[in-house]
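See below for the structure under consideration.
The values are calculated or read from the model by the stated rules, or taken from the named source; none is laboratory data. These numbers come from a predicted model, not from an experiment. Counting neighbours? That spans all protein chains shown, and the Cβs are built from the backbone with ideal geometry, glycine included. Each accessible area value is taken on the protein alone, full model and side chains, heavy atoms only, with ligands, DNA and RNA left out. Shrake-Rupley method; radii C 1.70, N 1.55, O 1.52, S 1.80 Å.
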Amino acid sequence: ADVDARTRRTTTALAHALIQLIQESGRFEDITVRQILQRAGVGRTTFYSHFRSKEDVLHSTYEGVFGIHKAQLQRDTSAKPRLFPVSEFLEHLAGAKPVMVAFRKAGLADDMRSQFVGYAADIIESRIRDLNLSTTVQLRLAARMLAAALIESLDWWFDHESISAAEIDTAFHLLARTVIANG
């Protein structure tokens with residue numbers, strides 16, 4: 001348990017250091033592993049025992065966020081089970097708007113989008129399985145299509161915010177019912 005706590009502290013420190021550097025420097029490609037290590041107060045050997053590159057650190061931060069939302073969904077007891085906690089995820093993104101803006105400016109928009117689609121698709125696919133739903137198209141394709149639509153909606157919402165997080169959640173789940181048989 002102590003090793004897990006230490007690992008979590010280390011990976012969290014590295015993630016926070018990277019996020020701060022992205023916000024300060026403006027360009028992800030200019031950030032070095034050495035800068036991340038110095039900011040996090042972590043040694044090179046420790047870094048490489050957890051990660052291969054700064055991209056790994058970045059992707060682990062995304063993974064952490066999606067892990068939280070996946071766990072949240074597993075605790076969801078609402079009458080109509082959801083495939084993805086859209087409103088909570090949007091609220092998380094809204095709270096992290098300065099970070100999101102910095103990531104976009106740092107040239108990470110495409111990477112962020114493809115990572116998010118992948119994580120969202122995995123969550124949606126697991127959820128469809130867990131709920132014993134069937135899809136009108138192949139499951140993996142259905143999950144990927146819904147994830148891409150979800151991420152596109154989040155992107156649009158991020159720039160407009162003229163619609164509530166709950167409305168985006170409802171709209172996403174209405175769309176999802178079109179690929180779920182007997183939905």
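Each Lys or Arg adds one and each Asp or Glu takes one away; over the other residues whose Cβ falls under 12 Å from the Cβ of Val57, this sums to 0. Among Ser60, Ser49, Ser153, the largest mean-square fluctuation in a Gaussian network model of the chain, built with springs joining Cα atoms closer than 10 Å, belongs to Ser49. For the pair the stretch 102-126 and the stretch 52-93, the centres of their Cα atoms are 11 angstrom apart. The magnitude of the dipole of the stretch 84-183, with charges of +1 and -1 set on the Cβ of Lys/Arg and Asp/Glu and taken from the Cα centre, is near 260 debye.
Put a dot 7 Å past each Cα toward the Cβ at Thr136 and Ser49; how far apart are the dots in nm? Going by the 7 Å Cα→Cβ label model, 5.3 nm. At a probe radius of 1.4 angstrom, the accessible area of the chain per residue rounds to 55 square angstrom. Within the full protein context, the accessible area of Ile163 is estimated at about 50 Å² for a probe radius of 1.4 Å. Comparing Ala120, Ala13, Ala96 in a Gaussian network model of the chain, where Cα atoms under 10 Å apart are tied by springs, the biggest mean-square fluctuation is seen for Ala96. Candidates Ile36, Gly67, Leu146 compared by Cα position along the dipole of the chain: farthest toward the positive end lies Ile36, with charges placed on Cβ. Ordering of 82-89, 125-132 by packing is 82-89, 125-132, highest average first (other Cβ atoms within 10 Å, averaged per residue).
With the full set of protein chains in place, find how many percent of the accessible area of the chain is carbon and sulfur; take the probe as 1.4 Å.
Of the solvent-accessible surface of the chain, carbon and sulfur hold 52 percent.
Among Tyr62, Tyr48, Tyr119, which one moves the most in a GNM of the chain with springs linking Cα atoms closer than 10 Å? Looking only at Tyr62, Tyr48, Tyr119, the largest GNM fluctuation is found for Tyr48. Here is how the number arises for the chain: DSSP H runs of 4 or more residues each give -39500 (n - 2.57), the sum is divided by the residue count, and the result at 222 nm is -24000 deg cm²/dmol.
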